[in-house]
Structures are given as structure tokens and as C-alpha cells.
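Only the coordinates and a few stated rules stand behind these numbers; no lab work does. Quick caveat, the model's predicted, so the values are computed rather than measured. No Cβ is skipped: glycine too gets one built from the backbone with ideal geometry, and neighbour counts run over all protein chains shown.
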DNA sequence: TTAAAAAGCTGACACATATCAGCTTTTTCA
DNA sequence: TGAAAAAGCTGATATGTGTCAGCTTTTTAA
């Protein structure tokens, strides 16, 4: 959790090219480099808690972070999984409110913290950047509308199938037999992603395996039959 | 659906004071007034369909509009109810994508359509306005995260109780016995708001009535016991 | 005014999913 | 290395909610 010696300059950061910072001028990038804080995080560490005040934004250089809300029954609803190039906490910062969700490390991560003022300065100086940020947030809103609709109108089986497809899109690497979802998630985390109970995920996953839609390789899931999962994820499919 | 003679100038529009346009300079407002289109809509009319391209934004002067997604089972998930001063369709416009949801009139409405170029011009000229828009979108994202978590982790009874409380906050008018939710929604629409089946809403509402939490006055709902509903809407409350 | 359509309501029923409990396996860390 | 903790798994059970069907009441519009 302490600042590392091997900080990466934004100008040279490879992950930046996948991020909203792609296209920002070197001058602005230097300003950020001078003010940011590079920190290595281990799996399980907490980035921020729901309800606390954002002092800046986080930018992922490497690793995976889960963003989640804790429901009143104690269960975690995972809002999204963030990876290299993704920003964290900027919606709460720009919304001028406390963090609406918490964030913890799922896979060891290197993350830069950019203080509020530096971020806001670039945002106000670089109109094109502000526009890209606005666009990204609007797209996220569309995604959330979709998620809400799925949550209320689809069955758990459908949502789990859909979640597996999405995971394989993002983290899938091709192998000889199907596509491996190259990220380690506990059954509880998958449940948090889908919005259901852990036991239900366990049961449905072993059902999917029995039906030869998926297979397990260690803690990782292999998607054997994308079309089958797609059929399942649709209504009455 | 045709342009009306009695168009209102933005500078003089009372609803504007509750909107994101509050604070925009008269010069910009005039520019919008010159380019906008004022249209009266009757209950049931459609403003836009999910999947079509936004050509501008809608600004509500009067009336109520429901924004919803149609799920693959044909049911409507209502994302939000919009009223005077609210913008519609701007997230899709700014996200440079098709409408992520549809919108229809719930109560007779007067709505201005502001063409894409006019809106974007004000957005780029007036930085403070852009900031307010960004802030509003970020706040909406936080709300959607909350809704998603509620949808997956709370029971229908809890969500209905919560929905009634929210409706009474927004549309409530005080009477001698409790607060009247002064908006006519069908049971089906309440179901769409909660994310459940119409029959379930009917059953739960009559249960709430039996428990003297609410009462009916014509097609409108009277909230008799806010605290009782609040207790119900919490987990195991 | 009246027929048709929409909305509201109720009962019966099925079942997907949450919960609880107990167990095994894997992982963690002292 | 070995004990404790976490994760994974399975079975039994309860129940909330969706679905279907049929009916009444209200609203709409011809």
C-alpha cells in the first residue's frame, strides 16, 4: 500500500493507450506524472470504501479490481470488474458525492492515484478529454440500464450464462478445447456479479458442466459452447 | 405531435429554473429558443424508441414521461419517471449511441425538442453547464448502482414499499389523512417500476392496504404510514 | 349509448431460488 | 509442516413470486 520506487510516467504508460487519457497532450500528462502516486496492491486489499469522500481518481496500470456495493443483507453486488486503463472513482468525484461503491483488488494490481486538483485541471483545460469522459459515463449509464432490466426480468440461469459469456469476451484466451476465462473468481464473487446466492452459482455451474457448456481447469472456467450459453442467456432460449 | 403556436421562450420558462439550464446565459438561451421545437403530447404518445438515433434532446416543460426498456419477455422495466425541468435522451446523444431506452408520456406533457447542434454548442461554449451536466450524469450512475443492488438483493415486497416511499417524496401532496401520491400509474406501470409481475403488485398493494400502510383514493395511492413502509423496505425490517 | 378494450382482481398452482446445515477440499499463514 | 480458515460442494426444505385462467370493473372510443 506504500508508494513504490518504480513509478511509471504517464507519457510512457502502455495501459494509458487503452484509457481515457489516450490523446491527452504530453504537457498535461507530465503534470499528472508529477502529481500522481504509484502504488502496488495485493489481492484482497481495499482501494476505497463506499460512503467515504473521493480525494482523486484511480487509474489502473495492471491488475483487476472489483467495484461493488454491499447490500443490507451483507452480500456484495459487483457493479463491474475494472482492468488496465480503467478509471475508478471518477464518477463519485465528478458527482461531488461520497463513493457510491467500494473497490478491492481481485488480481495483484499497480494503480496510480491522481489527486483531485490535477484531474480536474486536465478536465477543464482539455475539452476533448472532458468530452471523452462524458461519453464514457453516458455509455456506462446505458450499460447499467441494461443490467437493471436483466436483473429484474431474467432468471438466474440466464444471467449466469450471460455473465460467463461476458467474462469470456473480456478475459477469454483461446485454447485447444474452448476459451479459457483467464481470471480467478471465487464462486462467491461470481454470485456477486450475477446477483444471486453462492450455492446457486455452484449448482448451476456444475449443471452447465454436466451439459458440456463449460469445463473447469483448476479455478478457471473453460467455455466450451458459446452458442449454447447464448441460447441459455436469452429468454426461454 | 405537431408544433404548437404557444411556444415558450427558454429565457421565460419557469420549468427551466429546476433544470440543468438554470444558470445558462440569456444569449445561449436565445439561441436555443430560436432553434427548439415546442410540442404538446397526450398521454400514451411515444417520444422515442429504444434503438433509434437521437437527433437532439427533449426538455420537459410540463407533464410526466416514463423512460423504460423492454425486456426480452416483453415486460417494461421503467428506468425513471421524468418531470418538468428534466432532460431526456441526452445520455444517448452524448454517448454517441442509439437510445438505450424508450420514452412515452404518462401525463399530458409539453416538451421542447432541442436539436443536437444547438445543445452541443451550448455544451461546448458554457463550461459550467457542461460541468453541471457531467455532475448530473454521475449522480444518475450512483442511483443506478443502488437500483441494481436493490433489484438483486431485496425482495419484491421491500422494493414495492421503497418505490411507494420514493413516489410519495416526488409526487406526494399532504392531505388530512396521510400523503397522496398525485400521479396516476397503472398496476402494470408500478410493476415496471419495481421490476415484477402486475399480479404481484396488485396482491402486495392490497396487503399493504389491509395493514393500513396505504389507502386508495380513486386511482391514486395515499401513504398512511411512512415509517411502516420504511421498515418494510429495509432488509428484514 | 353501448360495445370493445383495458385494467383490476382473485385463486390455483408450479417451481426457481434462498436458506440452513453439514461435510470435504483447498488455501493460508504462523 | 500442520492447524485454522476459506472455499467448495451437496442435500433437504421452505417459500416468494411468476404464470395461467377466469372473472369483474373501469375506461375508451365508435
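Which value does Rg/Rh take for the stretch B:70-190 over its C-alpha atoms, Rh per Kirkwood?
Radius of gyration relative to Kirkwood radius: 0.99.
Relative to the first principal axis of the alpha-carbon coordinates of chain A, what is the inclination of helix A:198-210, with its axis defined by its Cα atoms, in degrees from 0 to 90 and to the nearest 10?
60
Among B:147, B:210, B:36, whose mean-square fluctuation peaks in a Gaussian network model of chain B (Cα, cutoff 10 Å)?
Evaluated over chain B, the most mobile residue of the options is B:210.
Compute the long axis of helix B:127-153 from its Cα atoms, compare it with the longest principal axis of the Cα atoms of chain B, and write down the angle in degrees, 0 to 90, nearest 10.
20
As a check on your grasp of the helix formula, calculate [θ] at 222 nm for chain B: sum -39500 (n - 2.57) over DSSP H runs of n ≥ 4, divide by the residue count, round to the nearest 500.
-12500 deg cm²/dmol
Largest first and to the nearest Å, give the Cα extent of the stretch A:47-93 along each principal axis.
Sorted from largest, the Cα extents of the stretch A:47-93 read 33, 21, 14 Å.
How big is chain B on each of its three principal axes, counting only the C-alpha atoms and giving the largest first in Å?
So the three principal-axis extents are 55, 37, 31 Å.
Over chain A, what is the relative contact order in whole percent, taking alpha-carbon pairs under 8 Å and six or more residues apart?
In percent, rounded to a whole number, it is 18.
Evaluate the Kirkwood expression for the hydrodynamic radius of the stretch A:9-86, namely the inverse of the mean inverse distance over all pairs of different C-alpha atoms, and round to one decimal in Å.
So the Kirkwood estimate lands at 14.3 Å.
Measuring label to label, 7 Å along Cα→Cβ, what does residue A:186 give against each other copy in nm, shortest first?
4.6
Assuming R0 = 22 Å, what is the FRET efficiency of residue B:174 and residue B:143, from their Cβ-Cβ distance, to the nearest 0.05?
So, using R0 = 22 Å, E works out to roughly 0.30.
Compute the semi-axes of the equivalent ellipsoid of the stretch A:85-138, taking the square root of 5 times each eigenvalue of the Cα gyration tensor, and list them largest first in whole Å.
Semi-axes from the Cα gyration tensor: 21, 13, 12 Å.
Can you pull the Rg over Rh of the protein assembly as shown, Cα-only, Kirkwood?
0.98
Looking only at B:22, B:82, B:109, which one moves most when chain B is put into a Gaussian network model with springs between Cα atoms under 10 Å?
B:22
Using only Cα atoms, find the angle between the long axis of helix A:116-125 and the longest principal axis of chain A, and express it within 0 to 90 degrees, rounded to the nearest 10.
80
Pick from A:171, A:99, A:49: which residue has the top mean-square fluctuation in a GNM of chain A where Cα pairs under 10 Å get a spring?
Among A:171, A:99, A:49, the largest mean-square fluctuation in the Gaussian network model of chain A belongs to A:171.
When every alpha-carbon pair in the stretch A:10-151 is counted, what percent end up more than 27 Å apart?
18
Hey, for a label at residue B:12 modelled as a point 7 Å past Cα toward Cβ, could you say which residues of the stretch B:103-142 have their backbone N under 19 Å away?
B:110-113
Let me have the relative contact order for the stretch A:154-233, percent, based on Cα pairs under 8 Å that are six or more residues apart.
37
Can you compute log10 of I(q)/I(0) for the stretch A:154-233 with the Debye formula, treating each Cα as one identical point scatterer, at q = 0.19, 0.22, 0.26 Å⁻¹?
Values, matching the q order: -0.72, -1.00, -1.46.
For the stretch B:155-223 and the stretch A:92-157, what is the centre-to-centre distance using only Cα atoms, to the nearest Å?
Between the Cα centre of the stretch B:155-223 and that of the stretch A:92-157, the gap is 33 Å.
Take the Cα atoms of the stretch B:131-185, find their three principal axes, and give me the spread along each one in whole Å, biggest first.
For the stretch B:131-185, the Cα extents along the three principal axes come out at 41, 31, 16 Å.
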